[in-house]
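Some notes on the structure that comes next.
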C-alpha cells in the first residue's frame with residue numbers, strides 16, 4: 001500500500017561512480033522567477049540537478065538555492081558556466097565546490113543547519129540508539145532516569161520557546177509541537193485525547209525513533225526520552241506536575257507507542273521511570 005508520506009532526504013551528500021558532480025550555492029533575489037532563470041540556463045546546457053534546498057523567507061529580499069548537479073552534459077569548463085550564472089539578473093553571488101573523492105560530493109558550503117530558525121543537528125537513529133543503550137548498560141535504571149529527565153528538560157524548554165513566539169491555546173501548542181516532531185523525523189504522533197480540565201492526554205506515535213531499533217525485542221515499554229519529553233511539554237502547558245506512562249510500545253511488539261498522562265501522585269511516582 002502506498003504511504004501518504006514522501007521521504008525527506010536532507011541535503012548532505014551524493015555519490016555517482018561515473019558522474020561529474022559539483023555543488024552550487026547561489027544567493028538570489030527573492031523574486032518568483034529567480035530559480036526559474038537559473039534552472040533554465042542549467043537545463044539548456046544538459047546539466048542534471050540532483051538534490052538541494054531552497055531557503056527564502058517572505059520578509060527577506062534574498063534567497064539561497066543550494067544543490068548538487070551532474071555536469072556530464074556540460075560542453076565546456078565549469079568556470080564558463082559560473083560566469084553565465086553570475087551574469088543572470090537575479091544572481092547576487094555564487095559559490096561552488098567539487099567532489100572530495102572521485103564520485104563523492106559533500107555539502108561544504110552551508111553551515112549551520114537551521115530548523116524553524118533554531119540551530120539544529122542531524123544524528124542517525126542508530127547513533128542515538130547506541131548511545132541510549134550504553135546508558136542502560138552502564139547505569140541500569142539510572143540510565144532510564146537520565147534519559148527521562150533529559151526529555152523533560154527538552155519538552156519544558158520547547159513550550160517556553162513556543163510561548164515566546166506565539167499566543168496560542170494549549171491544544172494548538174501541543175499540535176504544533178507534535179507536528180514538528182514528525183517534520184524532524186522523531187516519529188508520526190497523533191493526539192487521541194485531550195481533556196484540559198482533567199489534565200488527561202493520550203498520544204500515539206508511529207515509528208518512534210527511540211523504540212524503532214528495538215522493535216519486538218522486549219517485553220516492556222522502552223521509551224524514556226520521548227516519554228519525558230511529553231511530560232515536560234505537559235508540565236509547562238498545564239502548570240502541573242504531570243507523569244506520562246507508555247502503555248503500548250513497538251519495542252514489545254505493539255503497532256505503535258502510546259503515551260497517557262496523569263497528574264502526578266505518590267502512586268504514579270512509583271512507576272515514574274518504569275522501575
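Just so you know, all these numbers are worked out from the coordinates, no wet-lab data involved. These numbers come from a predicted model, not from an experiment. Reconstructed Cβ throughout: ideal geometry from the backbone, glycine too, with neighbour counts over all protein chains shown.
Annotations
- Helix-only arithmetic for the chain: the sum of -39500 (n - 2.57) across DSSP H runs with n ≥ 4, divided by the residue total, places the mean residue ellipticity at 222 nm at -10500 deg cm²/dmol.
- Treating r as the C-beta distance of residue 164 and residue 188 and R0 as 22 Å, the FRET efficiency rounds to 0.25.
- Modelled FRET efficiency - R0 25 Å, residue 263 with residue 176, Cβ distances, 0.05 increments: 0.60
- Volume in Å³ per residue [convex hull over Cα atoms, computed for segment 4-92]: 123 Å³
- Ordering 186, 65 by the number of other Cβ atoms within 10 Å of each residue's own Cβ, fewest first, gives 186, 65.
- As a proxy for reagent exposure, ranking 233, 159, 115, 38 by other Cβ atoms within 10 Å from fewest up yields 115, 159, 38, 233.
- The radius of gyration of the Cα set in the chain, together with its Dmax, comes out at 23.5, 75 angstrom.
- Subtracting the Cα-Cα distance of residue 218 and residue 153 from 0.36 nm times their residue separation leaves 20.7 nm of extension gain.
- Segment 110-135-segment 42-84 distance, computed between alpha-carbon centres (Å): 28 Å
- Two-site FRET efficiency, residue 13 against residue 115, from Cβ-Cβ distance with R₀ of 22 Å, rounded to 0.05: 0.70
- Note on residue 5 and residue 31: the extension gain reaches 6.4 nm, defined as 0.36 nm multiplied by sequence separation minus the Cα-Cα distance.
- Gyration tensor (alpha-carbon) shape descriptor, segment 127-178, a/c threshold 1.5: prolate
- Quarter of the Cα convex hull surface for segment 69-179, i.e. its orientation-mean projected area (nm²): 12.7 nm²
- Separation of the residue 126 and residue 60 label points, Cα + 7 Å toward Cβ, nm: 3.4 nm
- For segment 125-269, the average shadow cast by the Cα convex hull is 8.4 nm², which is a quarter of the hull's surface.
- Ordered by the count of other Cβ atoms within 10 Å of each Cβ, fewest first, 156, 137 give 137, 156.
- Length-normalised contact order of the chain in % [C-alpha pairs under 8 Å, at least 6 apart]: 15 percent
- Near-label residues of segment 1-38 by backbone N, under 15 Å of a point 7 Å along Cα→Cβ of residue 102: 16-21
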